[in-house]
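The numbers here are math on the coordinates, done by the rules we state, and not lab data. Everything numeric in this text was worked out from a predicted model, so none of it was measured. FYI the Cβ positions are ideal-geometry reconstructions off the backbone, even for glycines, and counts take in every protein chain you see.
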């Protein structure tokens, strides 16, 4: 069952590791990542984004950027999001597993 809408008031400054992951994305995927972050902050995810809560760690979520790319983040107590990993499906989940 998909999670109810996640309420995020904003995103914390990303870690250097996440910033490096984002820089590796091509321009189109970086723009898609920015769109997803905006959608999460406004509470209006586009259809097909497939927001899901991950079983690894507490309050870890995954959102689809494209058919093969995912964005993993956590929601902190204060409602702020913190970016964990971004990239291809399998690689992103592996990075999220290591980061928890």
Just a yes or no: is a residue in region 15-36 farther than 24 Å from residue 67 by Cβ and either loosely packed, with under 11 Cβ neighbours inside 10 Å or within 12 Å of the chain's Cα centre (by Cα) (or both)?
yes
Do you know which residues across region 1-12 are in contact with a strand residue (DSSP E or B) (Cβ under 9 Å, 6 or more places away or on another chain), exposed (fewer than 15 other Cβ atoms within 10 Å of the Cβ) and either without any contact (Cβ under 8 Å) to a residue 24 or more places away in the chain or assigned to a loop (DSSP other than H, G, I, E, B) (or both)?
2, 3, 7, 9, 12
Of the numbered conditions (1) more than 22 Å from residue 95 (Cα to Cα); (2) without any contact (Cβ under 8 Å) to a residue 40 or more places away in the chain; (3) part of a loop (DSSP other than H, G, I, E, B), residue 45 satisfies every one except a single condition; which is it?
(2)
Determine, yes or no, whether residue 40 is assigned to a helix (DSSP H, G or I), surrounded by 11 or more Cβ atoms within 10 Å (Cβ to Cβ) and touching a strand residue (DSSP E or B) at 6+ places or on another chain (Cβ under 9 Å).
yes
